[in-house]
Amino acid sequence: MFIKRFIGAALAAGAAIGAAAVVKLLLNDETASNEEEEENEVRFISIEEPTETPQDKEAPKASPEVLEIAELYPYLTHEFIAEQLGRNGVFNEQYPEDSLVTITHKAKFDTEELRKDFTKIGEDNGYTAAVLNENEATISRKMFTENGSILSDIYNVANQVACLKGVYEGYNIEL
């Protein structure tokens, strides 16, 4: 049932560009209005389907939920997906629905050019970018929480970082 709602929410969000699907996790039976979805929608650049993904190197021992999420985020490992999925309950507890939070993501790249691409993509999609050094940057945005929205944001950004062959160094959430 979780997966059906997860996939349904991803389709409802309509925030897929090319092969990069954007998911909106709704773990309860309520659905967000179209206006809220458009307001919270995250869009990223089109990416080509990877010829080899991190999942290709992993044994298919992951849970069905993780495997389905991995189909939407081909650049993320099963381990990363499962770890973050396990935190969703904590996110929902610490940041109840309709809490205004600022989520900041940190990433590192091999080249300044890739770091610039990352910050440009983030800024084009409503994030505020901050350059830490030649190859490191953060992007952040304020958002009102819903069940699964923080998790979705983490997956979206981490997948984009991995697509650009960067290292997703983590996130920070503040009320």
Legend entry - Residues (of a type in the set (A, V, I, L, M, F, W, C) and within 18 Å of the chain's Cα centre (by Cα)) located in the range 101-134: Val101, Ile103, Ala107, Phe109, Phe118, Ile121, Ala129
Inset, instruction - Answer with yes or no whether Leu114 is farther than 30 Å from Glu134 by Cβ and either surrounded by 14 or more Cβ atoms within 10 Å (Cβ to Cβ) or modelled with pLDDT of 95 or more (or both). - result: no
Inset, instruction - Please enumerate the residues belonging to the range 78-123 that are touching a residue at least 12 places away in the same chain (Cβ under 8 Å), under 17 Å from Asn159 (Cα atoms), part of a helix (DSSP H, G or I) and not aliphatic (A, V, I, L, M). - result: His78, Glu79, Phe80, Gln84, Arg115, Asp117, Phe118, Thr119, Gly122, Glu123
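The values are calculated or read from the model by the stated rules, or taken from the named source; none is laboratory data. Worth saying up front: this structure is predicted, and the values here are computed from it rather than measured. Neighbour counts are summed over all protein chains in view; Cβ atoms, including those assigned to glycine, are modelled from backbone coordinates with ideal geometry.
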